[in-house]
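Scroll down for the structure; my scribbles are underneath it.
The values are calculated or read from the model by the stated rules, or taken from the named source; none is laboratory data. None of the values given here were measured: they were computed from a predicted structure. Here the Cβ positions follow ideal geometry from the backbone for every residue, glycine too, while neighbour counts run over all protein chains shown. Protein only, heavy atoms only, side chains kept; ligands, DNA and RNA dropped before computing areas. Shrake-Rupley method; radii C 1.70, N 1.55, O 1.52, S 1.80 Å.
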Amino acid sequence: MTKELDWNNLSFGYIPTDYNVRCRYTDGHWGEIEVSDSEYINMHMAATCLHYGQEVFEGLKAFRGKDGKIRIFRLDENARRIASSARGIKMQPITEELFREMVIKAVKLNERFIPPYGSGASLYIRPLELGMSAQIGVHPSTEYLFMVMVTPVGPYFKEGFKPTNICIMREFDRVAPKGTGRWKVGGNYAASLEAGEKAHELGYSAVLYLDPREKKYLDECGPANFFAIKDGVYITPESESILPSITNKSLIQLAQDMGLKVERRHITIDELEHIQEAAACGTAAVASPVAEIDDIDTGKKYVVSQDGNPGPVVTALYNKLRGIQLGEEPDVYGWNTIVE
Ligand code: PLP
Ligand code: COI
């Protein structure tokens, strides 16, 4: 690193780090873990990831805590989810042990890129698996590459922890009703680009997708789940076409601990009239508060934040989650892996 990074002002972008970690699956087994200092991958031009989208990934974060220790949040949950995503598109599932070892190795090797405590930034960990066999027929690869790269990041939405406007657009679906939405498959994100760009052009931070079958219920919010606070109840969509967010799962637990009731169920668009708070939640988004939800097709606007500030419940949940990740609050559920 030639110059010191401006830790307090990082965006959610790519910054090169020193090393990445790789492992290849060939001849029916995973090979040795390799450390690489190259940002490039050498692959066959007929690899299945390039032609038929055989690619799955994860996103998790490492934090420098108040006590100086490094904590990785919910590593085991991400390990299980990437294996589930891989099975979903007929890729070789990565074992939990391999995932764990490679993630910890990548973090340790790039320790100098973990943003300091108090900067508000973190080290984003991006594990990805690629189908590598050279073939032109549409069938699963027999060879895979699993790799873990890391990069220091700031807030996903440039506004940080400030309410932003999101929109509903019926013109686009991200996934099909029984499709790949429940898995973290690269193709889902390609399918979201057109809607996402249109939303950004119109001044919105993200699209709140509706269920692709009936377009009646809320699904998820760009690269994040959605939750709302309605009369002291944490409500979040139940759907077969959304990614099971590990952040949402964590916030649900924290909400229950705070005495809130939790309902995971279908949420109709009309219900947005009666909510007091809302947020997009995910590893990158954390809990990003929502100011207003605009239904582009009907012109209806649901104002969530009257004064432009995050509401009290979203704020309390955000602070609690960050507190656990930074070692300021006790980790009673054992969510953090401390990197020694
Ligand atoms: N939904 C989608 C489509 C996502 O890309 C993400 C990000 O990972 C999430 C939800 C949130 O999941 P998590 O909280 O596990 O990061
Ligand atoms: C994450 O929150 O980790 C994600 O994967 C979102 C990402 C697509 C930016």
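What are the residues in the stretch 203-238 that are assigned to a loop (DSSP other than H, G, I, E, B) and touching a Cys at 6+ places or on another chain (Cβ under 7 Å), if any? Across the stretch 203-238, the qualifying residues are Tyr204, Ala224. Taking the stated definitions as given, is Pro244 under 16 Å from Asn165 (Cα atoms) and assigned to a loop (DSSP other than H, G, I, E, B)? It is false that Pro244 is under 16 Å from Asn165 (Cα atoms) and assigned to a loop (DSSP other than H, G, I, E, B).
Here Leu251 fulfils each of the conditions (1) part of a loop (DSSP other than H, G, I, E, B); (2) within 16 Å of ligand 2 (Cβ to nearest atom); (3) more than 17 Å from Cys167 (Cα to Cα); (4) not polar (S, T, N, Q) apart from (1). The number of residues in the stretch 165-197 that are more than 15 Å from ligand 2 (Cβ to nearest atom), closer than 30 Å to Asn8 by Cα and either open to solvent by 20 Å² or more (accessible area, probe 1.4 Å) or polar (S, T, N, Q) (or both) comes to 1.
Please find, within the stretch 6-35, the residue that is nearest to the chain's Cα centre (by Cα) out of those that are under 16 Å from Pro116 (Cα atoms) and polar (S, T, N, Q). In this case the residue turns out to be Ser11. Output the residue which, of all residues in the stretch 1-40 that are at pLDDT 95 or above and β-branched (Val, Ile, Thr), is nearest to Ser133 (Cα to Cα). If we take residues in the stretch 1-40 being at pLDDT 95 or above and β-branched (Val, Ile, Thr), then Thr26 is nearest to Ser133 (Cα to Cα).
When Ala83, Ala79 are checked against the criterion of being in contact with a Phe, Trp or Tyr (Cβ under 7 Å, 6 or more places away or on another chain) and not in a loop (DSSP other than H, G, I, E, B), Ala79 stands alone in meeting it.
Among the candidates Arg100, Arg81, single out the residue that is within 16 Å of ligand 1 (Cβ to nearest atom), of a type in the set (D, E, K, R) and surrounded by 15 or more Cβ atoms within 10 Å (Cβ to Cβ).
Unique residue meeting the criteria: Arg81.
Go through (1) within 11 Å of ligand 1 (Cβ to nearest atom); (2) in a helix (DSSP H, G or I) and name the single condition Ala287 misses. Result: Ala287 fails condition (2) only.
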